[in-house]
Amino acid sequence: MSQTPLVSVIMPVYNCELYVKEAVESILYQTYENFELIILDDASTDNTVKIVSEIKDSRIKFIKKNINTGYTTSLNLGVELAKGKYIARMDGDDVSLPERFEKQVAFLEEQSDVVVCGAWYISIGTGVIKPYPEMHEANKLRLLEGTCFAHPTIMLRKSVLVENQLKYDVFSEPAEDYALWVDLLQYGRFYNLQEPLLKYRIHDKQVSQERRAMQIESKLNTRIRLFQYLNITFSGIEQDVWKKVFKGKSLDFNGLKILIKKKKQLLRANKTLDFFDNDGLKAYLNALEYQSVNSFFLDRDRFNPLVYFEYLSLCHISSFRFSFRTHIIFFVKSLLFFTNKK
C-alpha cells in the first residue's frame, strides 16, 4: 500500500456485535488494497468495540467516541479524517463483495465527470437483487421518488465535498444520504454499476426502522427541495399539498387545483431549463395527478351532482380525462346521489 491511500472507507458502527467482524473482513479482503478503513464507534454498549479492537490490520483507523452523537455526525467526522481521493461508504452490518473497490476505482479513474458511483446489492437472507438506474438522466428521475443509490454501495470524490463545502445534513437524518445526492446533482454525473457489489442486511435494530416517521418526513422535504433546480419555490400550502400526494393521501378539491397549477409550472420551467428528461418528468407528474384525481372523484363514499360539476370544471385546467365508460358511470352515480355500502 502507498503512503497515501487512494480510497478512504467510512464505516460508522453502533451496537452491531453480531455482524461487525464479517463487515470489516469483507473490506480487508478486497482485491483492491490501497485504502484506509475508518471505523467510528458511536459509544456502543455491546461488544462492538472489543470485536473491532481484536482485528489487527494497519489499514484500520478506529475512532471510539465517548458520547453517542449520532450516525450522521460520525459520517461527517469520517469525511474530515479521510485522506483518500475517493470516499467509500460501508455499514457495520453489511458485506462488500471482494471486487467492489477494484471495479469502482477503475470506473471513477476513467470517468472523471462522475461524482458518485454506486452499485446494486443482494438482500441477505432472501437473495433478492436490488437494481438501481445506470445512467445520470435516469438517476435524476429516480430522485423524484427517493434515493437513486444504495448508500453503503457508493464511492464518491472527496474533492467535490471539500471544494463545495458539502457534508451530510444532520437534520435530514435518517435520510441524510438522499439529501446529499440532491446537493451533489449540480456538480457532476451519477452512475450505478449494473451488478451487485454488496450484500445488504435488513433487521429490526437498524436506524431507518426505528425512526421511520422521521425518515419519511425528511424524504418528503428533500423531494420538494429537488425542484430548486427548476428555480421553483413552494409556499407552505403547496408543500402540504404535495407531501399529501407523495404519501398517497387524498386531497380536497382545492388541493387538486393547487397540485395541477404547480404541475404546469414545473413542466414549463423544465422545458426551459431542460434539467430533467421532459418526457420522464411529465410521466411522473401525470401519474401523481392521475392518482389524486382518481382518489378524489372515484374513491369516495358518496356521490352528488356537485362532485360531477367539480370534475367538469377541473377538466378546464387539467389534461386529465376519465375514459368514456368511467365518465358515464361517474355521471350516473352523481345524478343518483349514489352511496357506497360500507
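Of all helices (runs of 4 or more DSSP H) completely enclosed by region 1-114, which ones contain at least 3 residues that are within 20 Å of His151 (Cβ to Cβ) and modelled with pLDDT of 95 or more? Break it down stepwise before answering.
On the way: elements: 20-28, 48-53, 71-81, 100-110.
Because the criterion is at least 3 residues that are within 20 Å of His151 (Cβ to Cβ) and modelled with pLDDT of 95 or more, the helices (runs of 4 or more DSSP H) in region 1-114 that meet it are 20-28, 71-81, 100-110.
Name the residue that is least open to solvent (accessible area, probe 1.4 Å), counting only residues in region 25-36 that are closer than 22 Å to Arg201 by Cα and without any contact (Cβ under 8 Å) to a residue 40 or more places away in the chain.
Leu28
Just to be sure, is Thr45 of a type in the set (Val, Ile, Thr), out of contact with any helix residue (DSSP H, G or I) (no Cβ under 6 Å at 6 or more places or on another chain), closer than 22 Å to Asp177 by Cβ and open to solvent by 40 Å² or more (accessible area, probe 1.4 Å)? Talk me through it step by step, then tell me what you get.
Numbers: of a type in the set (Val, Ile, Thr): yes; out of contact with any helix residue (DSSP H, G or I) (no Cβ under 6 Å at 6 or more places or on another chain): yes; closer than 22 Å to Asp177 by Cβ: no; open to solvent by 40 Å² or more (accessible area, probe 1.4 Å): yes.
In short, no.
For Ala179, indicate whether it is surrounded by 20 or more Cβ atoms within 10 Å (Cβ to Cβ), modelled with pLDDT under 95 and not polar (S, T, N, Q). Before the answer, list the steps.
Numbers: surrounded by 20 or more Cβ atoms within 10 Å (Cβ to Cβ): yes; modelled with pLDDT under 95: no; not polar (S, T, N, Q): yes.
No.
Considering (1) within 30 Å of Arg225 (Cβ to Cβ); (2) in contact with a Leu (Cβ under 8 Å, 6 or more places away or on another chain); (3) free of Cβ contacts under 8 Å to residues at least 40 places away in the same chain, say which one Ile55 fails and leave the rest.
Unmet for Ile55, out of (1) within 30 Å of Arg225 (Cβ to Cβ); (2) in contact with a Leu (Cβ under 8 Å, 6 or more places away or on another chain); (3) free of Cβ contacts under 8 Å to residues at least 40 places away in the same chain: (1).
When the residues of region 235-278 are filtered to those that are over 27 Å from Leu298 (Cβ atoms) and part of a helix (DSSP H, G or I), which remaining residue is least open to solvent (accessible area, probe 1.4 Å)?
Step one: filter region 235-278 for residues over 27 Å from Leu298 (Cβ atoms), giving 235-236, 268-278.
With part of a helix (DSSP H, G or I) added as a condition, the list becomes 236, 268-273, 278.
Values: Gly236: 49, Arg268: 148, Ala269: 17, Asn270: 1, Lys271: 160, Thr272: 113, Leu273: 80, Asn278: 60 Å².
Among those that are over 27 Å from Leu298 (Cβ atoms) and part of a helix (DSSP H, G or I), it is Asn270.
Of all residues in region 301-320, which are assigned to a loop (DSSP other than H, G, I, E, B) and either more than 34 Å from the chain's Cα centre (by Cα) or loosely packed, with under 12 Cβ neighbours inside 10 Å (or both)?
Initially, region 301-320 is screened for residues assigned to a loop (DSSP other than H, G, I, E, B), giving 301, 303-304, 316-320.
Correct list: Asp301, Phe303, Asn304, His316, Ser319.
With respect to Val116, is the statement that it is over 23 Å from Ile38 (Cβ atoms), among the aliphatic types (A, V, I, L, M) and either without any contact (Cβ under 8 Å) to a residue 60 or more places away in the chain or crowded, with 22+ Cβ neighbours inside 10 Å (or both) true?
No.
Evaluate region 205-225: report whether one residue or more is touching a Lys or Arg at 6+ places or on another chain (Cβ under 9 Å) and of a type in the set (Gly, Ala, Ser). I'd like the intermediate steps shown before the answer.
The initial filter retains those residues of region 205-225 that are touching a Lys or Arg at 6+ places or on another chain (Cβ under 9 Å), namely 216-217, 220-221, 223-224.
Filter once more, keeping what is of a type in the set (Gly, Ala, Ser): none.
No: region 205-225 contains no residue that is touching a Lys or Arg at 6+ places or on another chain (Cβ under 9 Å) and of a type in the set (Gly, Ala, Ser).
The values are calculated or read from the model by the stated rules, or taken from the named source; none is laboratory data. Remember, it's a predicted structure, so these values are computed and weren't measured experimentally. When we count neighbours, we look across all protein chains shown, and the Cβ atoms used for this are built from the backbone with ideal geometry, even at glycine. With ligands, DNA and RNA removed, areas are computed over all heavy atoms of the protein, side chains included. Shrake-Rupley method; radii C 1.70, N 1.55, O 1.52, S 1.80 Å.
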